[in-house]
Amino acid sequence: MTLQMGVTLDGYVAGPGGEGDWGLPAEDPDVRAWKVASLRQAGTHIMGRVTYEQMAAHWPTATDDYAAPMNSIPKVVFSKTLPAAEWAASRIARGDLAEEIAALKSEPGGDIIAHGGAAFVQALSRLGLIDEYRLIIHPVALGNGLPLFKDLPRPLRLDLAEAKRFPDGTVIHVYHTIRTAR
C-alpha cells in the first residue's frame with residue numbers, strides 16, 4: 001500500500017486546526033503531472049472519514065486534471081460513524097484497520113493509495129501497513145500542526161527509492177518501508 005501525501009519541510013500534513021492552505025503559490029505544472037500520473041496507478045483510493053467528506057464534496061463536480069482519477073477509481077473510506085458513502089465508486093470499511101487493509105491487499109487491481117487525514121495516516125504508519133511513502137515535500141515550514149508521524153511504537157526505517165526536485169522548490173521523495181523481524 002502506498003501513501004501519497006503533501007507534507008511541509010518540517011513534517012506537518014496540516015496546520016494546528018487541520019488547515020491545508022500554507023500560503024504556497026499555484027501548483028507547479030510538473031508537480032501536478034507527477035501527482036496525476038501517480039494517482040492513475042491506483043486501483044483503489046483509501047482515506048479516513050474527514051478526508052472522504054472533503055473529497056466527496058469537491059471531486060464529483062471538479063473538472064481539473066485530478067478529477068478523473070479521483071472520481072473513476074474505487075474508493076474505500078474507513079469510518080465507524082459515516083452513515084453512507086454516496087460518492088461514486090465508494091464503500092465504507094468499518095472493521096479492524098489491519099484486517100480491512102489485508103483484505104484490500106489480497107484483491108486484484110492496481111496500487112492501493114492512501115490519502116489522509118492525519119489521524120488515519122498516523123494509524124496506518126503505527127500499524128506498519130504502508131509499504132511505500134510518496135511524500136510531496138513543499139518548501140514551507142509551519143512550526144506546529146498535525147504531524148505525518150505520531151506515536152510510532154518503534155523507529156520506522158525507510159529506503160529512499162526516488163527523489164525528484166521541481167522548479168518551484170517542491171521535492172518528491174519516494175521511500176520503501178524496510179521490513180525487519182519483530
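The values are calculated or read from the model by the stated rules, or taken from the named source; none is laboratory data. Bear in mind the structure is a predicted one, so any value in this text is a computation, not a measurement. Heads up, the Cβs are rebuilt from the backbone with ideal geometry, glycines too, and the neighbour counts pull from every protein chain shown.
Would you point out the residue of region 170-182, among those that are of a type outside the set (D, E, K, R) and at pLDDT below 95, that is surrounded by the fewest Cβ atoms within 10 Å (Cβ to Cβ)?
Filtering first and then ranking leaves Ala181.
For region 121-136, a residue qualifies if it is surrounded by fewer than 19 Cβ atoms within 10 Å (Cβ to Cβ) and part of a helix (DSSP H, G or I), and the qualifying residues are Ala123, Arg126. For region 38-53, the set of residues classified as assigned to a helix (DSSP H, G or I) and either modelled with pLDDT of 95 or more or surrounded by 18 or more Cβ atoms within 10 Å (Cβ to Cβ) (or both) consists of Ser38, Leu39, Arg49, Thr51, Tyr52, Glu53, listed by residue number.
Identify, from the list Thr81, Thr2, the residue that is in contact (Cβ under 8 Å) with a residue 12 or more places away in the chain and either under 23 Å from Glu162 (Cα atoms) or under 17 Å from the mean Cα position of the chain (by Cα) (or both).
Being in contact (Cβ under 8 Å) with a residue 12 or more places away in the chain and either under 23 Å from Glu162 (Cα atoms) or under 17 Å from the mean Cα position of the chain (by Cα) (or both) holds for just one of Thr81, Thr2, which is Thr2.
Determine whether Ala161 is in contact with a Phe, Trp or Tyr (Cβ under 8 Å, 6 or more places away or on another chain), aliphatic (A, V, I, L, M) and not in a loop (DSSP other than H, G, I, E, B). Write out each step before concluding.
On the way: in contact with a Phe, Trp or Tyr (Cβ under 8 Å, 6 or more places away or on another chain): yes; aliphatic (A, V, I, L, M): yes; not in a loop (DSSP other than H, G, I, E, B): yes.
So Ala161 fits the description; yes.
The residue that is modelled with the highest pLDDT, counting only those in region 1-18 that are in a loop (DSSP other than H, G, I, E, B) and under 21 Å from Met70 (Cβ atoms), is Met1.
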